[in-house]
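Visitor: One structure follows; several queries about it will come next.
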Amino acid sequence: MKKYKAIFLDWDDTIGDFHHAELHALRDIYEKYNLTKLYPTFEGYYNEYHPYNLMLWDKYGQSLITKDELHLERFYHPISKQLFADSDFTDYDAKCMGKDFSALTLEYFSCLPDAEQVVRYLFSKYSLTIVSNGFIEQQYEKIRRSGLADCFNHVVLSEEVGVQKPNADIFFYALGLDNLRSDEVLMIGDGWSSDIQGAKNAGIDQMWIHESEEKEKQATYRVSCLREIMSVL
């Protein structure tokens, strides 16, 4: 095993359980805004929302859309798709849904199973830095609520740096905080494009947390779950 001086960590769905919080928040929105009129089941609504949301995040990562556009479009699209042109559903309504969603995902926030044990294990051996595309008002609060803030030397958020993963510049920025070379760091994350390809773009080794085997996608290391990290590093 190569020796590293530092570890870069993604946050959402690597340490924080965003998927869990997202599902609960969307269920509440589905009920609050009476979306059964448009989607008889929550699953129908989610299946329209989720892939479109992922596409928007991919565009955001490429700096093709703004934060405000992402916030608006992910809630406007599933509703407008089911309505007639003369509907009274407006951008304001979509923004209200987005505001509720942000508050609810914080309310339902939790860390992934084993996250605390793994982070504290890594903290005992390496300098740790969070590198995330998440939004400022969300990520700092999640990290505070996790009880793990003391484990991280730095928190690097794309909104503050001005560039999103997978752009190499956000990784170079994080390297510069501790005068590290690319070959001294390992990036750990669940996202192929943002975390793994992004780290590759910066010449940084990667550990991909991914259950299924996708042989066409190669990373320096691959683990199926957080706990497995402790048996590798």
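The values are calculated or read from the model by the stated rules, or taken from the named source; none is laboratory data. For clarity, every value in this text was computed on a predicted model and none was experimentally measured. We place every Cβ from the backbone using ideal geometry, glycine too, and count neighbours over all the protein chains shown.
Visitor: Scan the range 77-84 and tell me whether some residue there is of a type in the set (D, E, K, R), in a loop (DSSP other than H, G, I, E, B) and without any contact (Cβ under 8 Å) to a residue 40 or more places away in the chain. Explain how you work it out, then say what you get.
Guide: Of the residues in the range 77-84, the ones of a type in the set (D, E, K, R) are 81.
Next, only the ones that are in a loop (DSSP other than H, G, I, E, B) stay: 81.
Then drop every residue that is not without any contact (Cβ under 8 Å) to a residue 40 or more places away in the chain, which leaves 81.
Yes: one or more hits.
Visitor: Hey, among D114, D100, which residue is touching a Leu at 6+ places or on another chain (Cβ under 6 Å) and either surrounded by 15 or more Cβ atoms within 10 Å (Cβ to Cβ) or aliphatic (A, V, I, L, M) (or both)?
Guide: D114
Visitor: I'm trying to understand the selection: among the residues of the range 179-196, which are of a type in the set (G, A, S) and either surrounded by fewer than 18 Cβ atoms within 10 Å (Cβ to Cβ) or outside the structural domain of E211 (by TED's automatic domain parsing) (or both)?
Guide: Within the range 179-196, S182, S193 qualify.
Visitor: Going by the structure shown, is D10 assigned by TED's automatic domain parsing to the domain that holds F101 and either charged (D, E, K, R) or buried (at least 16 other Cβ atoms within 10 Å of the Cβ) (or both)?
Guide: no
Yes/no matrix, rows are residues, columns are (1) outside the structural domain of G203 (by TED's automatic domain parsing); (2) part of a helix (DSSP H, G or I); (3) more than 30 Å from I209 (Cα to Cα); (4) touching a Phe, Trp or Tyr at 6+ places or on another chain (Cβ under 6 Å):
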{"site": "D28", "(1), (2), (3), (4)": "yes, yes, no, no"}
{"site": "Y45", "(1), (2), (3), (4)": "yes, yes, no, yes"}
{"site": "L56", "(1), (2), (3), (4)": "yes, yes, no, no"}
{"site": "D93", "(1), (2), (3), (4)": "yes, yes, yes, no"}
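Visitor: Hey, another quick one. Mind listing whichever residues of the range 95-108 are modelled with pLDDT of 90 or more and either in a helix (DSSP H, G or I) or of a type in the set (D, E, K, R) (or both)?
Guide: Keep residues of the range 95-108 that are modelled with pLDDT of 90 or more, which gives 96-108.
Once the filter is applied, which keeps residues that are modelled with pLDDT of 90 or more and either in a helix (DSSP H, G or I) or of a type in the set (D, E, K, R) (or both), the range 95-108 yields C96, M97, G98, K99, D100, F101, S102, A103, L104, T105, L106, E107.
Visitor: Might you let me know whether the range 163-178 holds any residue that is surrounded by fewer than 14 Cβ atoms within 10 Å (Cβ to Cβ) and more than 17 Å from the chain's Cα centre (by Cα)?
Guide: The initial filter retains those residues of the range 163-178 that are surrounded by fewer than 14 Cβ atoms within 10 Å (Cβ to Cβ), namely 176-177.
Next, from what is left, pick out any that are more than 17 Å from the chain's Cα centre (by Cα): 176-177.
Among the residues of the range 163-178, at least one is surrounded by fewer than 14 Cβ atoms within 10 Å (Cβ to Cβ) and more than 17 Å from the chain's Cα centre (by Cα), which makes the answer yes.
Visitor: Still on this structure: Restricting the search to the range 135-157, which residues are modelled with pLDDT of 95 or more and assigned to a helix (DSSP H, G or I)? Quick ask: steps written out before the conclusion?
Guide: Within the range 135-157, the subset modelled with pLDDT of 95 or more is 139-157.
Passing the criteria: Q139, Y140, E141, K142, I143, R144, R145, S146, A149, D150, C151.
Visitor: Identify all residues within the range 130-148 that are touching a residue at least 40 places away in the same chain (Cβ under 8 Å) and either crowded, with 22+ Cβ neighbours inside 10 Å or farther than 21 Å from Q197 by Cα (or both); write none if there are none.
Guide: Matches in the range 130-148: I130, V131, S132, N133, Q139, K142, I143, S146, L148.
Visitor: Would you check if there is a residue in the range 159-179 being among the basic types (K, R) and touching a residue at least 12 places away in the same chain (Cβ under 8 Å)?
Guide: Going through the range 159-179, the residues among the basic types (K, R) turn out to be 165.
This time we only want the ones that are touching a residue at least 12 places away in the same chain (Cβ under 8 Å), so: 165.
Looking through the range 159-179, at least one residue is among the basic types (K, R) and touching a residue at least 12 places away in the same chain (Cβ under 8 Å).
Visitor: Report every pair of residues separated by at least 6 positions or lying on different chains whose Cβ atoms are under 8 Å apart, first residue within the range 212-233 and under 13 Å from Q117 (Cβ atoms), second of a type in the set (G, A, S).
Guide: Listed by first residue and then by second, the contacts come to L226/A115.
Visitor: Residues to consider are E116, E211; find the one that is on the phi < 0 side of the Ramachandran plot and in a helix (DSSP H, G or I).
Guide: On the way: E211 fails: in a helix (DSSP H, G or I).
After applying the criteria, what remains is E116.
Visitor: Let me ask you something else. Just one of the numbered conditions (1) under 30 Å from Y39 (Cα atoms); (2) free of Cβ contacts under 8 Å to residues at least 60 places away in the same chain is not true of E116; which one?
Guide: So E116 meets the others, but not (1).
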